[in-house]
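Quick notes on the structure that follows.
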Amino acid sequence: MTRSETHRAALENVALPVQTKLAAAWASFMFLYVYVDVLGFFKPGIVEDILAGVVFKFDISQSFVVIALTSVAIPIVMILLSTTLPARANRTLNLVVASLYIPYSAFNLAGGEWLYYYGLGLAVELIILAYILRSAWTWPRAVAAKPERPSVPAAQLR
């Protein structure tokens, strides 16, 4: 086989397990979710407000920080759970958590002044969450094994 023939050969498309796809989607969601907040620090006045103890209109308190940590920890834990839970529990949990994150993510857009920035972040988050929902919803079912018919010895067939 010449080099040009090797170069033209089709690439192998390896099928990934649903669990791997879900874990990758949750990792993508988590990075985007965090980076939207981190890049939001570049908005004028945000750092000053944080130093004054306010985020948006919320006072920074232990309760606020625990809620913020929980909202970031859930997608992080979903990466692990997507690869370790049994299929039925995995599917159900992914459907529930992704469904709950749609309105939660949309809430972050409410009252935002940088509508294009936060809107783009929300749009990509919603695409990833839709992918998670679709992947979990269409989880392949195991094919039921057909019962084997008892074989009749050849001697009995005569």
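Mind listing whichever residues of the range 123-136 are touching a Ser or Thr at 6+ places or on another chain (Cβ under 8 Å) and either loosely packed, with under 12 Cβ neighbours inside 10 Å or free of Cβ contacts under 8 Å to residues at least 40 places away in the same chain (or both)? Leu126, Leu133 - these are the residues of the range 123-136 that are touching a Ser or Thr at 6+ places or on another chain (Cβ under 8 Å) and either loosely packed, with under 12 Cβ neighbours inside 10 Å or free of Cβ contacts under 8 Å to residues at least 40 places away in the same chain (or both). In the condition set (1) touching a Phe, Trp or Tyr at 6+ places or on another chain (Cβ under 7 Å); (2) assigned to a helix (DSSP H, G or I), Leu109 is compliant with all but (2). If the condition is being of a type in the set (D, E, K, R) and exposed (fewer than 12 other Cβ atoms within 10 Å of the Cβ), then the range 76-115 contributes Arg88, Glu113.
Of all positions in the range 129-136, at least one carries a residue that is among the aromatic types (Phe, Trp, Tyr), part of a helix (DSSP H, G or I) and at pLDDT 70 or above.
The values are calculated or read from the model by the stated rules, or taken from the named source; none is laboratory data. All figures in this text were calculated on a predicted structure; none of them were measured in a lab. Heads up, the Cβs are rebuilt from the backbone with ideal geometry, glycines too, and the neighbour counts pull from every protein chain shown.
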